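Encoded as structure tokens, the structure appears first; notes follow it.
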Amino acid sequence: MNETHWDSRLELSREDITRLKVDAIVNAANPSLLGGGGVDGAIHRAAGPGLLAECRLLNGCPTGEARLTSGHRLAARHIIHTVGPVWRGGESLEEMVLADAYRNCLSLAVARGLRSVAFPAISTGAYGYPREAAARIAIEQTTLALRVYPGLRRVIFVCFNEPTWLAYHDRLTGAATR
């Protein structure tokens, strides 16, 4: 399982995000919300055809924003879909947009009364965002949200591969000692 806890509300995991029993998992989606590769494709496959039908009703999602659907056949009750930025070298407001994606997911979760959320490493796959920079933004935004939203009880960063897990682990270890 390869899981580490830094406090009672923040976790790092290598589990399959589609199997987590949490209030919501976050889907690193494309703007159409109609499925794709990577975690997006895995979530759509695991959730079943009902997810695609529900996503069609949403008419997409702009980059940096978030949308909520049912979890369908997943263990998670809900899916929060967000579209992260494509990495273009850091000169196209990518950092601000990625921070918006995390903030909007967390705000949506809190607005809907959700207490546990699992995030993939948004934008670090096909969108090419550097792992270390993405981990910094994810942890900063989540740490801030945990301070502001006491009802948020559990946030899990789910890392698909070892390099991503190490980037988050190194950042969390550094953050824990500050």
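The values are calculated or read from the model by the stated rules, or taken from the named source; none is laboratory data. What you are looking at is a predicted structure, and each value in this text was computed from that prediction instead of being measured. Neighbour counts are summed over all protein chains in view; Cβ atoms, including those assigned to glycine, are modelled from backbone coordinates with ideal geometry.
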| message | I need the strands (runs of 3 or more DSSP E) fully contained in the stretch 53-169, keeping only those with at least 2 residues that are among the small types (Gly, Ala, Ser). | response | 66-70, 116-119
| message | Can you report the number of residues in the stretch 97-109 which are more than 11 Å from the chain's Cα centre (by Cα), within 15 Å of ILE25 (Cα to Cα) and crowded, with 17+ Cβ neighbours inside 10 Å? | response | 2
| message | Could you check the stretch 4-43 and list, in sequence order, the residues that are touching a Cys at 6+ places or on another chain (Cβ under 8 Å) and either buried (at least 22 other Cβ atoms within 10 Å of the Cβ) or within 16 Å of ILE139 (Cβ to Cβ) (or both)? | response | LEU12, SER13, VAL26, ALA29, LEU33
| said: I'd like to verify a number: residues in the stretch 4-47 that are hydroxyl-bearing (Ser, Thr, Tyr), modelled with pLDDT of 95 or more and in a strand (DSSP E or B), how many? | reply: 1
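For (1) touching a residue at least 40 places away in the same chain (Cβ under 8 Å); (2) acidic (Asp, Glu); (3) in contact with a Lys or Arg (Cβ under 6 Å, 6 or more places away or on another chain), each residue gets a yes or a no:
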position	(1), (2), (3)
ARG73	no, no, no
ARG77	yes, no, no
GLU94	no, yes, no
ARG103	yes, no, no
ALA111	no, no, no
ALA121	yes, no, no
TYR129	yes, no, no
ARG153	yes, no, yes
ASN161	no, no, no
